[in-house]
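Participant: Have a look at the structure that comes next, please.
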Amino acid sequence: MIAVEARGVHKRFGAVRALAGVSLAVERGEFFGLLGPNGAGKTTLISALGGLALADEGSLAVMGHDVERDYRNARRSLGIVPQEIVFDPFFTVRETLTIQSGYFGLRANDAWIDELLERLALASKANANMRSLSGGMKRRVMVAQALVHRPPVIVLDEPTAGVDVELRQTLWTFIRELNAAGHTIVLTTHYLEEAQELCTRIAMMRDGRIVALDSTANLLAEFSERVLRVKLEGCELPEALAAKAEREEGGWWRIPVEDMAHVEGALARLREAGATVASLEVAEPELEEVFVKIMRRERAAE
Amino acid sequence: MRPSDPQTLHAFAGFQTLLYKEVLRFWKVSFQTVAAPVLTALLYLVVFSHALAAHVQAFPGVTYVQFLVPGLAMMSMLQNAFANSSSSLIQSKITGNIVFILLPPLAPAELFLAYLLASIVRAVVVGAGVFAATVWMIPVPLEHPLWVIAFGLVGSALLGTLGIIAGIWAEKFDQIAAFQNFVVLPLTFLAGVFYSIHSLPPVWQWVSRLNPFFYAIDGFRYGFFGQSDVSPWASLAFASAAFAALSLFTLYLLRRGYKLRH
């Protein structure tokens, strides 16, 4: 079953073309990443999904419910954590969550609200006014607000900006559990290592278009590689290795290796040649490299 | 938790929660939203009754100060009904927390009714406050309580709706202030709060009859004194027609998502 579907979505804001024909489908239960530079259209796409923006052309659906024609069911199925920190200064944390539950048609939601407060490390602030919270806490309240109605699809628009490392881990542990329980997660983030670690599939956007869409593993295999980096002391790189290697700054050699067996092989060659290794590291494939390469390719294609 | 876990959905909970939140919002700052307008009305009463009591005779058998009380109460109700919906919407838009109302499955009619009823509640509380503060000094008769209730509700509903329109349209606090100063204030002041329109030259009487606020105030006063400038039925018809027209327009704006859903 498809959790999120966009078909040929176009959106303009005056002269700015925010979305130029976006089509994508996120399967139920996926942990999906939506990446791209600022202004790529990620937030506009999310806004269109939640009905905060209206598409000029094309259609969007959440759990099979069209976001305009069947907006009630679409919105019931969707929990969005907006990117900007916003709050209502009139209320406490608990009031905020009780009110948000009510908007979704839920009356007695206290057990779940308590669990959310506990899981997001907000229990001690339940009766504090929203104004008195730090930025990171306000953001966690926004996460809780998006989850009050236990939506099957959860969209997080840069949820970890301004959240410290420990709480970031708390948040991801919780979101992963929700994903394991069957919730579909759509995430945008500028922390690419986070996306690489969490997302099973990734779409990259640029200028309102999707420029890459594949599983994280395929993207890494295609655009990034595992490399062995060595720094030698008082000797040159053996010829057998030099063909594939590249010289880097600071006297480092960069040798692409397919897997750990190749690392073994390369090290054996170095030993055979009697080279003295001063420093050595194995760099795993990185989403950052994939991202940079794809964006460079798109720029070149313009 | 699993997404499929059962949840009991209540059909009217969304509307009720938004209404509750809107009432709570002004009640938490009732010193500004209730006490302040009551004080303002009392100041008007003191100043105008002192300055004009000797010069104005509105209805036979009704002193000017008595005449003034329902007019001032209604003026406060109209202004506060407008202030409630318009300020709530503009604050939510400017601070950005309007997303928490736009993301849930609330229908346009639910949004409209919740903001409208909260405005009426605030108006009724302020109106009651004006009477509670003046009744000790200035006893006012109550000839037809049902008319008082009817016009109290229609008048606040009219301005509550106008406040929603202003809140949807405005992008800055200045624009709300402009709407308040250039539309709401002139229309209330020229609606016969301080005088009977029979004391005006014919042209201005005619102009006053184009102002829907006039009917709300005149009909409201009829409920107290059993006397008015025009028939209460005509006033009710005009005020209700104006309210109905503005309501339909507001629902149209909300359905379109005008300035709310971009």
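Participant: Does A:I210 satisfy being part of a strand (DSSP E or B), within 14 Å of chain B (Cβ to nearest Cβ) and in contact with a strand residue (DSSP E or B) (Cβ under 6 Å, 6 or more places away or on another chain)?
Facilitator: No: the conditions fail for A:I210.
Participant: Can you tell me which of (1) without any contact (Cβ under 8 Å) to a residue 40 or more places away in the chain; (2) in contact with a Gly (Cβ under 7 Å, 6 or more places away or on another chain) is the one A:T98 doesn't meet?
Facilitator: The single condition A:T98 does not satisfy is (2).
Participant: Could I ask something else about it? Could you run through segment A:172-198 and say how many residues are in contact with a helix residue (DSSP H, G or I) (Cβ under 7 Å, 6 or more places away or on another chain) and either among the hydrophobic types (A, V, I, L, M, F, W, C) or in a loop (DSSP other than H, G, I, E, B) (or both)?
Facilitator: 8
Participant: Only one of these is within 14 Å of chain B (Cβ to nearest Cβ) and either modelled with pLDDT of 90 or more or surrounded by fewer than 19 Cβ atoms within 10 Å (Cβ to Cβ) (or both): A:Q169, A:Q145. Name it.
Facilitator: It is A:Q145.
Participant: Here's a follow-up. Of the residues A:G79, A:G50, which single one is touching a helix residue (DSSP H, G or I) at 6+ places or on another chain (Cβ under 9 Å), in contact (Cβ under 8 Å) with a residue 40 or more places away in the chain and more than 20 Å from A:A18 (Cβ to Cβ)?
Facilitator: After applying the criteria, what remains is A:G79.
Participant: Go through (1) surrounded by fewer than 19 Cβ atoms within 10 Å (Cβ to Cβ); (2) closer than 30 Å to A:V81 by Cβ one by one and return the number of the condition A:M204 breaks.
Facilitator: The number of the failed condition is (1).
Participant: Would you confirm, using the coordinates I've provided, whether B:L43 is touching a residue at least 40 places away in the same chain (Cβ under 8 Å) and more than 14 Å from chain A (Cβ to nearest Cβ)?
Facilitator: Here the answer is no, as B:L43 does not meet what is asked.
Participant: Could you tell me which numbered condition B:A239 fails, if it satisfies all but one of (1) without any contact (Cβ under 8 Å) to a residue 40 or more places away in the chain; (2) within 22 Å of B:M77 (Cβ to Cβ)?
Facilitator: Going through the list (1) without any contact (Cβ under 8 Å) to a residue 40 or more places away in the chain; (2) within 22 Å of B:M77 (Cβ to Cβ), B:A239 breaks only (1).
Participant: Confirm whether A:E225 is under 30 Å from A:V282 (Cα atoms), surrounded by fewer than 17 Cβ atoms within 10 Å (Cβ to Cβ) and not small (G, A, S).
Facilitator: It is true that A:E225 is under 30 Å from A:V282 (Cα atoms), surrounded by fewer than 17 Cβ atoms within 10 Å (Cβ to Cβ) and not small (G, A, S).
Participant: Determine whether segment A:156-163 contains at least one residue that is within 14 Å of chain B (Cβ to nearest Cβ), outside any helix (DSSP H, G or I) and either under 17 Å from A:I113 (Cβ atoms) or among the basic types (K, R) (or both).
Facilitator: Among the residues of segment A:156-163, not one is within 14 Å of chain B (Cβ to nearest Cβ), outside any helix (DSSP H, G or I) and either under 17 Å from A:I113 (Cβ atoms) or among the basic types (K, R) (or both), which makes the answer no.
Participant: Follow-up. Residue pairs, Cβ under 8 Å, 6 or more apart or interchain, first in segment A:25-42 and within 9 Å of A:C199 (Cα to Cα) and touching a residue at least 40 places away in the same chain (Cβ under 8 Å), second in a strand (DSSP E or B) and charged (D, E, K, R). List them.
Facilitator: Matching pairs, first to second residue: A:E30/A:R201; A:F31/A:R201; A:F32/A:R201; A:G33/A:R201.
The values are calculated or read from the model by the stated rules, or taken from the named source; none is laboratory data. Note that the structure is predicted; figures quoted are calculated from it, not measured. Quick reminder, even Gly has a Cβ in these numbers, built from the backbone with ideal geometry, and neighbours come from all protein chains shown.
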